[in-house]
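Worksheet: the structure to be examined is printed underneath.
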Amino acid sequence: MTTQDLNIMIVSCSGASNTGCYADRVARMMAESGQADMICLPKVAINDEKLIENVKNTSKKVVVIDGCPFNCAEKIMKDHGIVNFVHINTTDFGIVKGQTPVTDDNLSRIITYIKTISE
């Protein structure tokens, strides 16, 4: 599959915990394999108007991945007027902050879920 097939833009938390690592790794894995276009969350946070307008006007499905209940990525997107997205949290997959080690199996489960909701 290519990004045209899945039609996904993805943005993630990159927090310091294992749960943030999951969010970041999923986004990077999907981008590196051509399954999604990755959005730079810090550029949204600093109000990069061109990027924000591109995301607001995209026909692609925007997926926001957070790593904990603070939902920083979701809040940053909403604070900049980006509201048309699907939000998931790595903790929704039984990943426990500070406890669950990062594994390929868990990364694959999250990626599979994102592909399913993006079809």
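The values are calculated or read from the model by the stated rules, or taken from the named source; none is laboratory data. Because the structure is a prediction, the values reported are computed rather than measured. Cβ coordinates were reconstructed from backbone atoms using ideal geometry, including for glycine residues, and neighbour counts include every protein chain displayed.
If you go through region 38-78 and keep only what is closer than 26 Å to residue 93 by Cα and acidic (Asp, Glu), you end up with 66, 74. Residue-level check: of (1) buried (at least 18 other Cβ atoms within 10 Å of the Cβ); (2) over 14 Å from the mean Cα position of the chain (by Cα); (3) of a type outside the set (Phe, Trp, Tyr), residue 53 misses just (1). Among the conditions (1) closer than 17 Å to residue 118 by Cα; (2) touching a Pro at 6+ places or on another chain (Cβ under 8 Å), the only one that residue 18 does not satisfy is (1). Residue 118 fulfils the conditions (1) at pLDDT 95 or above; (2) surrounded by 14 or more Cβ atoms within 10 Å (Cβ to Cβ) except for a single criterion, (1). Evaluation of residue 104 against the conditions (1) under 16 Å from the mean Cα position of the chain (by Cα); (2) without any contact (Cβ under 8 Å) to a residue 12 or more places away in the chain shows that the sole unmet condition is (1). I want to confirm something. Restricting to region 73-110 and keeping residues that are part of a helix (DSSP H, G or I) and among the hydroxyl-bearing types (Ser, Thr, Tyr), which single residue is surrounded by the most Cβ atoms within 10 Å (Cβ to Cβ)? Only one residue fits best here, namely 90. When you check residue 83 against the structure, is it of a type in the set (A, V, I, L, M, F, W, C) and touching a residue at least 40 places away in the same chain (Cβ under 8 Å), yes or no? Spelling it out, it is not the case that residue 83 is of a type in the set (A, V, I, L, M, F, W, C) and touching a residue at least 40 places away in the same chain (Cβ under 8 Å).
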